Structure formats: C-alpha cells, structure tokens
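Reading through the structure tokens given below for one structure.
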Amino acid sequence: MTPTRASLGPLELTAGGWAVGDTGRPDGHWLELRPEGLHQHEPGGPGQTVDWSRVMPGVRLTLGGKNPARGQYGVAQLLAGLPGPWRRHGSGYLHLTLRHPYENWVGRFSRHPRPYPGAGLVLFQELTERVTDTEQAHLLGDPEWLGRVVARLAGQSLRGRHAAQDAVTRALEPEK
C-alpha cells in the first residue's frame, strides 16, 4: 500500500481505501473498511468480513498487548499512543457486538510506528460510536464520506469535557 495521506488515530487512508492499523507490516493485522463490511486482514490467511448490517451500537477501541477487556480505559491506554517504553504493546482492538447470530467480535490491528495523538484516539472512538449508535455503520465503508468527515476532524485539539462530541457533531453535518 502507498503512504498515508490522511489519518485519525489508527484510521488511515491508503491506496486501497480506509483502514484501521498498519497496513504496511507483512506480519501485521489490520481492518479494512469496505463498502460491504469490515474486513479483518490476518497474516497468512484470507481474513474475515463482517457485514455492516450485523454491527450493533457500542463499538469500542482499546489499545494494549493482549486483547484488553471491552471498555477498559486506564493509564496504559492513555499512554499507549505516546512514544516511549510503553510502546512495546503493538496491538489495538475494535470491540463489536454482532447480530444474527449475536456474538462479541474483536478486530485486532497492528499499531503504526507513529504515535497516535490523544485527540485522534478520542475522535476516532467518538466517530465510530456515533455512527454505529445511529445504525449507520455502513457509512464507514463509504471512502468519500469518511474522507470528508476525517478531513474535518483531523488535527483538532480538544478542550473541555464535550469537545469530542461537539467536533464529531459538526463533522457529521451535511456540507453547505
């Protein structure tokens, strides 16, 4: 894949579309946001695609070494996006609940060598949560739509308790 042109935390635009995780690692895991669903790429295997219609509200992002529990947020997660000795944990996870049949599903991705700014992680989490909570997960598979939203969110600094919610609300508004 070609170098990143846009990103929001672990979400990046590549030549093939939008992906979560480092697509350049031959031994890595990453998630591709396709029009038909979320595709888990795994080394040496065909991977697995989850149809957008199966994704239920409540997508969560965690970072860490060994599949952290759903909703686990602590010092390790906050430090995980920064450079330093805590960078030895090279994985991240999207936790989803799927319907028909109901199951918990965890999509693993390898982290990029670049640090993830805290605002990027928070905005990515808020965006995925908002889109899935409104039953519009399929929009994540629309590269043009996602590109417009990420362009509005990328590089923002967050101030205050509801800053991420407000930023995502503005980014999701139709263009005028």
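Extension gain for E42-V106 works out to 21.8 nm (0.36 nm per residue, less the C-alpha to C-alpha distance). Model label points for R159 and Q136, set 7 angstrom from Cα along the Cα-to-Cβ axis, are 2.8 nm apart. The mean sequence separation of alpha-carbon pairs under 8 Å and at least six residues apart, normalised by the residue count of segment 4-63, gives a relative contact order of 17 percent.
No value in this document is a laboratory result; all are computed from the given coordinates. Computed from a predicted structure; not experimentally measured. So basically every Cβ, Gly included, is an ideal-geometry build from the backbone, and we count neighbours across all protein chains shown.
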